[in-house]
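Visitor: Let me give you the structure first, and then I'll get to my questions.
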Amino acid sequence: MSVRLVVLVSGSGTNLQALLDAAADDTFGAAVVAVGADRTGIEGLARAERAGVPTFVERVGDHPTRDEWDERLAGRIAEHKPDLVVSAGFMKILGPRVLGAFPVVNTHPALLPAFPGAHAVRDALAYGVRVTGCTVHLVDAGVDTGPVIAQEAVPVREGDDEESLHERIKTVERRLLVETVGRMAREGWTLTGRTVRLGTGRVAAGQAADGPTPGRITK
């Protein structure tokens with residue numbers, strides 16, 4: 001049984017496409033069962049539709065409060081019974097109803113905890129680092145503060161600007177996301193404190209963990 005993925009997007013959906021391509025191989029261990037967005041008319045939704053994957057849109061502005069948007073988004077995700085939610089360039093902070101119901105994986109273009117936030121590549125260049133990279137992590141209530149699952153370094157080259165560095169990071173980021181989600185699906189994973197362990201075989205499609213709840217921080 002494949003692990004069921006709901007992928008959230010806000011833009012071009014290149015990370016989504018990488019997951020769709022990987023999921024076309026039955027050995028990947030996961031299937032994208034729905035794609036959600038916070039806006040209409042984006043390429044990410046078009047990619048899903050071309051692949052025959054159901055889509056839904058929940059715009060923050062269509063709801064009286066952010067909490068009501070969060071509650072509605074959680075309900076729309078739940079309709080597709082995901083084992084894992086992937087935030088793939090989703091440009092909204094997820095609230096407690098979504099995070100309380102599903103484990104959520106995100107990527108970030110820096111080696112967290114260094115350079116969190118929306119301008120990670122710019123901040124790394126401004127700081128003068130020689131090495132940056134990307135992180136795949138579980139999402140918690142903070143901004144890029146969730147437990148790290150996987151990281152990979154990307155060197156800063158002489159003459160790099162924000163665009164050139166970010167493009168190299170994105171290439172690594174797509175591969176690392178696919179590899180990490182695939183391992184979580186095929187091998188299982190658990191979370192204890194802030195430590196994510198892959199290859200435990202304890203959390204896969206339709207299974208429950210015996211120890212700490214997967215996707216939650218236990219203190």
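Visitor: For region 103-123, what are the residues that are over 14 Å from Thr145 (Cα atoms) and either in contact with a Leu (Cβ under 7 Å, 6 or more places away or on another chain) or open to solvent by less than 20 Å² (accessible area, probe 1.4 Å) (or both)?
Guide: Pro103, Val121
Visitor: Now for a different question. Quick one: in region 38-78, which of the residues that are loosely packed, with under 13 Cβ neighbours inside 10 Å, free of Cβ contacts under 8 Å to residues at least 12 places away in the same chain and farther than 14 Å from Gly13 by Cα is nearest to the chain's Cα centre (by Cα)?
Guide: This residue is Gly52.
Visitor: Run down Thr135, Thr55, Thr65 and say which single residue is within 16 Å of Leu16 (Cα to Cα) and modelled with pLDDT of 95 or more.
Guide: The unique qualifying residue is Thr55.
Visitor: Here's a follow-up. Which of the residues belonging to region 124-136 are in contact (Cβ under 8 Å) with a residue 24 or more places away in the chain and open to solvent by 20 Å² or more (accessible area, probe 1.4 Å)?
Guide: Selection gives Leu125, Val129, Arg130, Val131.
Visitor: Another question about this same structure. Considering only residues that are in contact with a strand residue (DSSP E or B) (Cβ under 8 Å, 6 or more places away or on another chain) and outside any loop (DSSP other than H, G, I, E, B), look in region 33-46 and name the one that is nearest to Arg76 (Cα to Cα).
Guide: In this case the residue turns out to be Gly36.
Visitor: Within region 1-21, which residues are in a loop (DSSP other than H, G, I, E, B) and surrounded by fewer than 19 Cβ atoms within 10 Å (Cβ to Cβ)?
Guide: Met1, Ser2, Ser10, Gly11, Ser12
Visitor: To continue, here is another question. Being loosely packed, with under 15 Cβ neighbours inside 10 Å, among the acidic types (Asp, Glu) and within 18 Å of Arg183 (Cα to Cα), is that true of even one residue in region 22-36?
Guide: Looking for residues that are loosely packed, with under 15 Cβ neighbours inside 10 Å, among the acidic types (Asp, Glu) and within 18 Å of Arg183 (Cα to Cα), one finds at least one in region 22-36, hence yes.
Visitor: Here's something else I'd like to know. Please go through region 137-192 and pick out each residue that is open to solvent by 60 Å² or more (accessible area, probe 1.4 Å), without any contact (Cβ under 8 Å) to a residue 24 or more places away in the chain and either at negative phi or within 13 Å of the chain's Cα centre (by Cα) (or both).
Guide: Matches in region 137-192: Arg157, Glu158, Glu163, Glu167, Thr171, Arg183, Glu187.
The values are calculated or read from the model by the stated rules, or taken from the named source; none is laboratory data. Please read these numbers as outputs of a predicted model, since none were measured by experiment. All Cβ positions, glycine included, derive from the backbone under ideal geometry; neighbour counts span all protein chains shown. Calculation scope for accessible area: heavy atoms of the full protein, side chains included, ligands and nucleic acids excluded. Shrake-Rupley method; radii C 1.70, N 1.55, O 1.52, S 1.80 Å.
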